[in-house]
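Bear in mind that the values in this text are calculations on the coordinates, not laboratory data. None of the values given here were measured: they were computed from a predicted structure. For neighbour counting, all protein chains shown are included, and Cβ atoms are generated from backbone atoms with ideal geometry for every residue, glycine included.
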Amino acid sequence: MLDIKLIRENPDFVKERLSTRDESYVSVIDRVLEIDTRRREMVKSIDSLRAERNERSKLFLVYKKEGRDVSEIQRRVHQIGEEISSLNKELEEIEREFNYLLLTVPNLPAKDVPIGKDENDNIEIRRWGKPREFDFTPIPHYEIGEKLSILDFERGAKISGSRFTVMYKEAARLERALINFMLDIHTKEHNYTEVWTPALVKPDILQGTGQLPKFKEDLYKVEEEDLYLIPTAEVTLTNLHADEILSEEQLPLYYTAYTPCFRKEAGSHGKDVRGILRQHQFDKVELVKIVKPQDSYSELEKMVNEAEKILQLLEIPYRVVLLCTGDMGFPASKTYDIEVWIPSQNRYREISSCSNTEDFQARRAKIRYKDKDGRNHFVHTLNGSGLAVGRTLIAIMENYQRPDGTFYIPEVLRKYM
RNA sequence: GGAGAGGUGGCUGAGUGGUCGAAAGCGGCUUCCUGCUAAGAAGUUGUGCGGGGUAAAACCUGCACCGAGGGUUCGAAUCCCUCCCUCUCCGCCA
């Protein structure tokens with residue numbers, strides 16, 4: 001959520017930044033400003049009516065003690081009460097729209113984010129490793145998995161539908177090994193605190209990180225319960241401190257968690273239908289940082305390095321891409337994607353996304369810290385995949401495949417198998 | 001799921017219709033005194049939204065908030081209703 005004061009005081013700046021994502025936000029901001037003015041006028045008159053009511057209620061007591069007639073006060077206070085409640089009804093409506101609009105406006109892109117429309121305008125920052133030269137034609141992971149009988153798409157579809165897969169033996173073990181490996185690296189080498197979280201959360205938690213109210217279509221909801229399945233552990237980890245005022249000494253906080261993630265993948269029909277690249281349920285090891293504002297951009301760079309470290313240890317080629325304004329997620333002010341080399345597709349595919357949301361999520365989730373002078377500020381929050389486990393599995397199967405249809409397990413993972 | 005108890009400020013804990021944003025203690029902060037493996041005294045110490053003020057603060061001021069939402073009342077932390085959560089016992093259960 002953007003700071004309404006920023007919108008009020010620098011509307012042109014806000015519009016300029018938002019229009020790098022989409023022109024249509026300009027009119028939304030105008031509407032926000034319009035409603036904000038009305039809102040404040042109403043709050044003002046309601047507050048002064050309340051002040052009057054408080055005043056008269058005190059008088060009431062005094063009169064009563066003095067034995068004077070109080071019926072006039074009674075009448076007036078009652079009348080004020082009715083005026084307040086009718087104004088309140090109006091205000092509620094205004095605030096409903098105001099809040100909805102504010103909650104559906106995305107974060108402002110940072111100044112150094114390239115302006116662009118879609119992924120074609122992203123900027124490659126660096127590459128690591130050289131794609132292997134095969135002396136045979138590499139096959140996709142789903143063919144490898146089916147031949148080895150370790151990936152079962154038919155039965156996945158039978159028991160759960162499309163975009164669900166069953167894994168056996170080496171695939172299942174590798175999945176588990178990767179989770180442990182990633183968590184170990186992040187906790188032991190990068191100083192993250194390991195966390196285990198619920199996978200079902202309340203709606204206001206999803207509002208805190210930005211999935212609600214705008215992206216409801218992509219979330220699974222439990223019927224008859226006001227609970228949603230998390231699309232990422234970013235949701236639970238970031239909201240750990242929702243509604244809290246942290247002390248300055250507590251910062252920075254680094255959290256990592258393995259959780260399953262659930263996404264409806266609405267709007268990606270026909271995309272990546274084969275294999276386990278895009279599933280309704282997948283595993284991810286997530287990284288979340290809660291930091292002081294002045295540190296958030298250096299922490300972002302560090303976080304990308306920490307995610308990269310996993311691929312380096314696995315010795316799988318990848319590249320780092322800086323997303324352009326049009327390709328960035330809703331709460332992000334700056335995002336780096338890590339894309340891993342997929343031989344069967346002869347290209348890099350996203351395996352991690354690391355974002356600084358500045359105070360966008362902190363403001364929604366009300367995560368603040370008190371500085372040395374006793375003043376409260378919103379923290380900055382960052383999140384990144386460290387990494388998507390299923391996609392790492394794909395990368396291993398494909399990059400380390402042998403001509404006989406088997407594949408090699410990277411050295412660092414052997415002790416986990 | 002059933003029965004009972006309870007949800008108050010950073011913590012403990014008073015408060016059953018007005019003078020309560022809320023006693024007291026602890027903790028935190030500031031100052032003073034003393035002087036040395038710290039003790040004492042005084043003051044101060046919640047959050048949010050408005051208005052005024054400032055270069056920005058400080059500061060002044062209005063309103064709201066005592067689990068959440070509704071209701072009764074001239075007036076609610078205090079009474080009523082609904083919901084949520086915690087604890088104890090029983091049941092069930094990985």
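Please give the net charge around residue A:240, taking every other residue with its beta carbon less than 15 angstrom from that of residue A:240, where Lys and Arg add +1 and Asp and Glu add -1.
Working: positive: A:202, A:289, A:364, A:366, A:368; negative: A:194, A:204, A:234, A:243, A:244, A:286.
Spelling it out: positives minus negatives among the neighbours equals -1.
Run the numbers for residue A:187 and residue A:86: contour at 0.36 nm per residue of separation, minus the present Cα-Cα distance, in nm. Could you put the intermediate results ahead of the total?
Values: separation 101, 0.36 × 101 = 36.36 nm, distance 5.57 nm.
In short, 30.8 nm is gained.
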**OP:** Mind listing the long-range amide H neighbours of residue A:352? Cut-off is under 5 Å, sequence gap 5 or more, other chains count too, H placed in the peptide plane at 1.01 Å from N.
**Re:** A:338
Subject >> the stretch A:156-208 versus the stretch A:272-338: alpha-carbon centroid distance in Å >> reply: 16 Å
Original post:
What length, rounded to one decimal in nm, is gained on full extension from residue A:78 through to residue A:269, with 0.36 nm per residue of separation minus their alpha-carbon distance?
Top reply: 62.8 nm
**OP:** Report the far tail of the P(r) of the stretch A:198-350, meaning the percent of Cα-Cα pairs longer than 26 Å.
**Re:** 33 percent
Subject >> Spin-label model distance (nm) - residue A:412 vs residue A:200, 7 Å beyond Cα toward Cβ >> reply: 3.6 nm
Original post:
Across the stretch A:187-268, how many lysine pairs separated by 8 or more positions, or lying on different chains, have Cα atoms within less than 15 Å?
Top reply: 5
Original post:
R0 = 30 Å: FRET efficiency of residue A:312 with residue A:154, Cβ-based, nearest 0.05?
Top reply: 0.25
Original post:
When chain A is modelled as a GNM with alpha-carbon springs shorter than 10 Å, which of A:116, A:208, A:384 fluctuates the most?
Top reply: A:116
**OP:** Report the residue, chosen from A:29, A:310, A:125, that carries the largest GNM mean-square fluctuation when chain A is represented by alpha-carbon nodes joined by springs under 10 Å.
**Re:** A:125
**OP:** Starting with the fewest neighbours, write out A:190, A:269 ranked by other beta-carbon atoms found within 10 Å of each beta-carbon.
**Re:** A:269, A:190
Subject >> Per DSSP, loop GluC sites (Glu not before Pro) in the stretch A:19-105 with at most 12 further Cβ within 10 Å >> reply: A:23
**OP:** Give the calculated FRET efficiency between residue A:376 and residue A:23 to the nearest 0.05, with a Förster radius of 35 Å applied to their Cβ-Cβ distance.
**Re:** 0.50
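Looking at the stretch A:341-417, which GluC sites (Glu not before Pro) are DSSP coil and have at most 16 other C-beta atoms within 10 Å of their C-beta?
Details: sites: A:350, A:358, A:398, A:411; in loops: A:358.
Passing sites in the stretch A:341-417 do not exist.
Can you give the direction-averaged projected area of the convex hull of the alpha-carbon atoms in chain A, in nm²? Display every interim value, and only then the final one.
Working: hull surface 102.8 nm².
It is 25.7 nm².
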Original post:
For the residue pair residue A:366 and residue A:95, what label-to-label distance in nm results when each label sits 7 Å from Cα along the Cα-to-beta-carbon direction?
Top reply: 1.2 nm
**OP:** Taking 7 Å along the Cα-to-C-beta vector as the label spot, tell me the residue A:220-residue A:112 distance in nanometres, rounded to one decimal.
**Re:** 3.9 nm
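Do you know the Lys pair count in the stretch A:4-104 for C-alpha distances under 29 Å, with sequence separation 8 or more or different chains?
Details: A:5/A:15; A:5/A:44; A:5/A:89; A:15/A:44; A:44/A:58; A:44/A:89; A:58/A:89.
Going through the stretch A:4-104 pair by pair, I get 7.
Which of rounded, prolate, oblate describes the stretch A:115-172, given a ≥ b ≥ c as roots of the alpha-carbon gyration tensor eigenvalues and a/c under 1.5 marking rounded, otherwise prolate only if a/b is larger than b/c? Before the final figure, lay out the partial values.
Details: a/c = 3.16, a/b = 1.53, b/c = 2.06.
Cα axes put the stretch A:115-172 in the oblate bin.
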Subject >> P(r) of the stretch A:4-104 over all Cα-Cα pairs, binned every 10 Å from zero, in whole percent >> reply: 14, 32, 21, 16, 11, 6, 1
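Pick out, in residue order, every one of the trypsin sites (Lys or Arg not before Pro) in the stretch A:327-415 that is DSSP loop and has at most 11 other C-beta atoms within 10 Å; say none if there are none.
Sparse-neighbourhood loop trypsin sites (Lys or Arg not before Pro): A:372, A:375.
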Original post:
When the helices in chain A are scored as -39500 (n - 2.57) per DSSP H run of 4 or longer and the sum is shared across all residues, what 222 nm value do you end up with, to the nearest 500 deg cm²/dmol?
Top reply: -13500 deg cm²/dmol
